[in-house]
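Below you'll find the structure, written out as structure tokens, and then a few comments.
The values are calculated or read from the model by the stated rules, or taken from the named source; none is laboratory data. The structure displayed is predicted, hence computed values, not measured ones. When we count neighbours, we look across all protein chains shown, and the Cβ atoms used for this are built from the backbone with ideal geometry, even at glycine.
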Amino acid sequence: MRHDRRHFIEKVDFITTPGYLTGPGARQEAGLSAGTGPYRVVSNLAIMGYHPESLRMMLLATQPGINVDEILENTGFELVLSDEIEINPPPTGEELRILREEVDRDRLYI
């Protein structure tokens with residue numbers, strides 16, 4: 001997913017797949033099963049998860065060559081920072097081959 005202020009905005013007008021909505025307990029109030037919800041968000045700049053208590057989006061790792069300030073500048077809301085922000089390793093040659101030849105042969109995404 002492209003990571004910029006146009007895509008990572010404070011509030012959306014329409015939700016097709018609910019995340020943690022307004023925070024703890026909101027999924028259950030909306031009739032969704034307890035203990036469910038998103039796990040990770042992967043963008044061209046970062047890998048994000050969710051803070052275990054507040055359920056706010058949390059920066060876990062940067063993509064290679066990207067720094068935290070670039071991510072914050074391109075995020076339209078306050079992003080929680082993990083105590084340890086890792087650098088996501090670049091894909092191996094074999095992983096790239098699988099992505100290009102098996103997963104996305106028509107190059108629609110990669």
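Couple of notes before you dig in:
- Residues of the stretch 16-30 satisfying the condition of being at positive phi, surrounded by 13 or more Cβ atoms within 10 Å (Cβ to Cβ) and in contact (Cβ under 8 Å) with a residue 24 or more places away in the chain: none
- Taken together, the residues in the stretch 60-84 that are out of contact with any helix residue (DSSP H, G or I) (no Cβ under 8 Å at 6 or more places or on another chain) and either loosely packed, with under 11 Cβ neighbours inside 10 Å or of a type in the set (A, V, I, L, M, F, W, C) (or both) amount to 14.
- All conditions in (1) in contact (Cβ under 8 Å) with a residue 60 or more places away in the chain; (2) surrounded by fewer than 16 Cβ atoms within 10 Å (Cβ to Cβ) hold for Ile87, with the sole exception of (1).
- The single condition among (1) closer than 16 Å to Gly23 by Cα; (2) touching a helix residue (DSSP H, G or I) at 6+ places or on another chain (Cβ under 9 Å); (3) modelled with pLDDT of 95 or more that Thr36 does not satisfy is (3).
- Cβ separations smaller than 9 Å between residues 6+ apart or across chains give the following pairs from the stretch 67-81 residues that are under 12 Å from His7 (Cα atoms) to residues that are polar (S, T, N, Q): Asn74/Ser43.
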